[in-house]
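Scroll down for the structure; my scribbles are underneath it.
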Amino acid sequence: GIITAPMLYAMEEFPQLQDVVDHGFDNPANVEIALDYLQKSRGIERTKELAQEHVNLAVKAIEALPDSDDEDVLISRRALIDITQRVITRTK
């Protein structure tokens, strides 16, 4: 499978986690071990921080677009900014 940011960050903190990941997660024991390391790490917190950084960059890029008084443009920009907030607050 694809290793996502939380697990990558956890592996930075706990290099021994790499062996568990290399063996895969067909074995339920490996899943439990990986989740234990993930909970002990700052992986999820750091991933949320990374997502917030990208949201901030996206909002700055949207705000840097040329000014317009067109209502459709203003609504579209607001919608784009709203989407960035939804991405970081979603639960699934």
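What follows is calculated from the coordinates using simple rules that are stated; it is not laboratory data. Every value quoted in this text rests on a predicted model; they were computed, and no experiment measured them. Counting neighbours? That spans all protein chains shown, and the Cβs are built from the backbone with ideal geometry, glycine included.
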Can you give the alpha-carbon Rg of the chain over 2.2 N^0.38 Å, where N counts its residues?
1.53
With only Lys, Arg, Asp and Glu charged, each at its Cβ (+1 for the first two, -1 for the last two), find how big the charge dipole of the chain is about the Cα centre; round to the nearest 20 debye.
220
Helix-only [θ] at 222 nm, the chain, -39500 (n - 2.57) per DSSP H run of 4+, per residue, nearest 500, equals -24000 deg cm²/dmol
Fewest first, what order do 2, 62, 75 take by the number of other Cβ atoms within 10 Å?
2, 75, 62
Counting only complete DSSP H runs, which helices of the chain cover 15 Å or more along their long axis at the Cα atoms and score a mean Kyte-Doolittle of -0.5 or above?
28-40, 43-63, 71-89
In the neighborhood of residue 14, defined by Cβ-to-Cβ distances under 14 Å, what is the net charge if each Lys or Arg adds +1 and each Asp or Glu adds -1?
-2
When the chain is treated as a GNM, springs tying every alpha-carbon pair under 10 Å, which of 76, 68, 41 comes out with the largest mean-square fluctuation?
68
